[in-house]
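Trainee: I'd like to ask you about the structure that follows.
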Amino acid sequence: TLSHHCWLNDHLLLYVDLIDGRARWMEYNVVTKGLRSWTDIRHDGHPHSNGVHCVYDSYPNLLGRQKLYVFDGKERVDIGSFKSGLEFRGDLRCDLHPRISGNTVFVDTPVKGFRRIVGVQLPRRLC
């Protein structure tokens, strides 16, 4: 089952392939029809790319914590952690759905009981 996806550039599509409950991130080249597995990522999430960096999130863990990551093709960096309150569980959960613009990653997150958009700066070493 194909899950979340984003374009890395004009010819590379990144998507999450769910097989037997396990997430596998795949890069598909629409020109060569080649596939490459991203072995560093082993959970489902929402990817977004600006052509240089790929940002993605995790679903809430048992404590309601969601992680925010950036991957530059060489290393994965944890750039944030967000807590969802009990009112944002199940069907009402608030996924981060990260979007990157310049050196800022914007996410949807609950703040004081309301859904908000918050900006997180990329670490300087990645800019």
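The values are calculated or read from the model by the stated rules, or taken from the named source; none is laboratory data. Model, not experiment: these values are computed from the prediction. So basically every Cβ, Gly included, is an ideal-geometry build from the backbone, and we count neighbours across all protein chains shown. These accessible areas exclude ligands, DNA and RNA; they are computed on the full protein's heavy atoms, side chains included. Shrake-Rupley method; radii C 1.70, N 1.55, O 1.52, S 1.80 Å.
Trainee: Can you tell me how many residues within the range 12-28 are touching a strand residue (DSSP E or B) at 6+ places or on another chain (Cβ under 6 Å) and of a type outside the set (A, V, I, L, M, F, W, C)?
Mentor: Qualifying residue count for the region: 5.
Trainee: Could you list, in sequence order, the residues of the range 27-60 that are within 19 Å of residue 100 (Cα to Cα), out of contact with any Ser or Thr (no Cβ under 9 Å at 6 or more places or on another chain), assigned to a loop (DSSP other than H, G, I, E, B) and open to solvent by 20 Å² or more (accessible area, probe 1.4 Å)?
Mentor: If the condition is that a residue be within 19 Å of residue 100 (Cα to Cα), out of contact with any Ser or Thr (no Cβ under 9 Å at 6 or more places or on another chain), assigned to a loop (DSSP other than H, G, I, E, B) and open to solvent by 20 Å² or more (accessible area, probe 1.4 Å), then 51, 52, 59 are the ones that fit.
Trainee: Could you please let me know if residue 24 is more than 19 Å from residue 79 (Cβ to Cβ), out of contact with any Ser or Thr (no Cβ under 8 Å at 6 or more places or on another chain) and not in a loop (DSSP other than H, G, I, E, B)?
Mentor: no
Trainee: Which numbered condition in (1) more than 17 Å from residue 123 (Cα to Cα); (2) out of contact with any Asp or Glu (no Cβ under 6 Å at 6 or more places or on another chain) is the only one that residue 79 fails?
Mentor: (1)
Trainee: For residue 63, state whether it is out of contact with any Gly (no Cβ under 7 Å at 6 or more places or on another chain) and touching a residue at least 12 places away in the same chain (Cβ under 8 Å).
Mentor: So residue 63 fits the description; yes.
Trainee: Also: Taking into account only those residues within the range 71-82 that are of a type outside the set (Phe, Trp, Tyr) and surrounded by 13 or more Cβ atoms within 10 Å (Cβ to Cβ), which is farthest from residue 61 (Cα to Cα)?
Mentor: Out of the qualifying residues, it is 72.
Trainee: Now for a different question. Suppose we keep only residues that are hydrophobic (A, V, I, L, M, F, W, C) and modelled with pLDDT under 90 within the range 61-70. Which one would you say is most open to solvent (accessible area, probe 1.4 Å)?
Mentor: 62
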